[in-house]
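The values are calculated or read from the model by the stated rules, or taken from the named source; none is laboratory data. In this text, all values refer to a predicted model and were calculated from it rather than measured experimentally. Don't worry about glycine lacking a Cβ; one is built from the backbone with ideal geometry, like all the others, and counts go over all protein chains shown. Surface accessibility is based on the protein's heavy atoms, side chains included, excluding ligands, DNA and RNA. Shrake-Rupley method; radii C 1.70, N 1.55, O 1.52, S 1.80 Å.
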Amino acid sequence: MQFNTSQQRDQLSMQMRGNYVRASHHRFPLTFSNKARADKPRTTKVSPICALARDVIRASCEVLYLPRILHECEDTLIIDKPVGIPFHGNEDSPGIVQVVRSMQRDGSIGYQGALHPVHRLDRVTSGILVFAKSSAAAGALVKEFRAHRVIKYYTALSGRKPTKKMGRVVGDMERSRRSSWKLLRTATDPAITHFMSFPPFEYKGELLLCNDYSSSARLASDSGITQEVEEIEETAGTEGTADTPLQQVRMFVLRPSTGRTHQLRVAMKSLAAPVLGDPLYSNAAEAKKHSRTYLHATAIRFRLGGATIQVVHPPTYGELFACSEFRSTFEQLFPAGMAGNTGLWFPELPILKSELHPLELHP
């Protein structure tokens with residue numbers, strides 16, 4: 001089976017710049033090198049998914065982005081979910097569970113037992129996704145999520161200045177139009193998101209993709225970083241004007257206390273700072289300028305069966321996630337070795353700080 005890369009470029013999705021290569025009757029996203037030339041189309045034969053999981057098809061593609069294992073233990077398997085793969089799939093676009101099980105069948109993932117998803121990520125969100133290896137472990141993890149004892153951190157980018165630098169977005173959520181959700185002023189059963197924004201950096205044109213974060217640059221201290229936290233309760237619809245030029249990019253760290261559909265994307269819009277590249281909650285024309293929606297599940301920490309599990313993983317796809325300005329900020333906030341720290345995280349940043357519950361509270 002063959003594909004012409006120049007023709008496939010016309011089928012770009014809003015979530016990922018790349019073509020969907022059919023393999024084992026499924027489509028999997030591949031990203032194009034910035035060096036590829038549209039005036040000289042190439043043809044590449046695509047082997048089954050087992051080969052896709054092992055090899056980078058360098059004849060036409062620079063990056064092969066399939067799920068990778070970040071952590072594995074007796075009870076859990078934690079992966080990096082690529083952007084562009086939905087949670088629930090269909091015959092044209094497989095879901096992440098289908099993709100992972102296909103990789104199990106062809107040996108790309110060594111673990112061959114059952115896997116039970118215990119939480120979800122949107123199609124446009126990349127990053128940490130947890131599977132349980134047994135129904136008992138799944139049940140225990142679901143209880144931890146419901147008790148709000150699973151601590152999660154997300155990284156997002158926006159091209160707008162937020163209405164508040166840090167605080168909480170609190171409010172009930174309900175369905176809106178075009179499969180979107182909106183935030184209400186009521187708080188009967190509210191979604192709660194802790195957030196903090198950081199000094200902006202300029203977007204200086206085309207940037208290269210990045211698959212590692214070896215930069216040692218340091219983030220300049222921000223004089224207002226420990227200011228008193230303000231709680232905010234905003235409704236969606238306060239977004240800035242659609243034709244505001246994108247000149248600066250701000251990084252946000254989000255710590256949700258609840259797990260509602262589109263919660264973080266709605267929270268960002270309510271701050272007048274929608275996530276860059278978001279096709280639902282930002283200006284559609286502006287979103288199409290970006291290779292992805294810049295939202296990534298960055299870190300998770302919880303206890304299970306007497307064990308402490310902590311994973312920190314930076315985003316690995318997206319031009320803005322690859323630039324040195326973002327990486328220096330990220331590495332200051334999520335330094336190497338952070339996953340090994342079982343104590344207090346972000347002790348100097350009250351809105352982001354977290355601590356695991358004592359072991360005696362866990363079965």
T308 fails exactly one of (1) surrounded by fewer than 18 Cβ atoms within 10 Å (Cβ to Cβ); (2) touching a Pro at 6+ places or on another chain (Cβ under 8 Å); (3) within 17 Å of H71 (Cα to Cα), namely (2)
Looking at D75, D106 in this structure, which one is more than 21 Å from the chain's Cα centre (by Cα) and closer than 24 Å to Y317 by Cβ? D106
Hey, any hits in the range 332-343 for a residue that's out of contact with any Lys or Arg (no Cβ under 9 Å at 6 or more places or on another chain) and surrounded by 19 or more Cβ atoms within 10 Å (Cβ to Cβ)? yes
Hey, can you tell me all the residues within the range 266-280 that are under 18 Å from K161 (Cβ atoms) and surrounded by fewer than 24 Cβ atoms within 10 Å (Cβ to Cβ)? A272
Scanning for something in contact (Cβ under 8 Å) with a residue 60 or more places away in the chain, over 25 Å from L280 (Cα atoms) and either open to solvent by 60 Å² or more (accessible area, probe 1.4 Å) or not in a loop (DSSP other than H, G, I, E, B) (or both), does the range 120-135 turn up at least one residue? yes
Among the numbered conditions (1) open to solvent by less than 20 Å² (accessible area, probe 1.4 Å); (2) under 16 Å from the mean Cα position of the chain (by Cα); (3) closer than 27 Å to L141 by Cβ, tell me where L320 comes up short. (3)
Hits in the range 248-296 - residues which are farther than 25 Å from P190 by Cα and more than 14 Å from the chain's Cα centre (by Cα): Q248, V249, R250, N283, A284, A285, E286, A287, K288, K289, H290
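Specify which of the listed residues (R149, R160, R177, R168) is over 21 Å from G259 (Cβ atoms) and either open to solvent by 50 Å² or more (accessible area, probe 1.4 Å) or modelled with pLDDT of 95 or more (or both). Lay out the reasoning, then the answer.
Details: R149 fails: over 21 Å from G259 (Cβ atoms); R160 fails: either open to solvent by 50 Å² or more (accessible area, probe 1.4 Å) or modelled with pLDDT of 95 or more (or both); R168 fails: over 21 Å from G259 (Cβ atoms).
Exactly one residue qualifies, and that residue is R177.
Just the residues that are of a type in the set (S, T, Y) and modelled with pLDDT of 95 or more, please, taken from the range 309-326. Give the steps one after another, and end with the answer.
To start, the set of residues in the range 309-326 that are of a type in the set (S, T, Y) comprises 316-317, 324.
None; the set is empty.
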Of the residues in the range 67-97, how many are open to solvent by 20 Å² or more (accessible area, probe 1.4 Å), in contact (Cβ under 8 Å) with a residue 40 or more places away in the chain and closer than 24 Å to K152 by Cα? 6
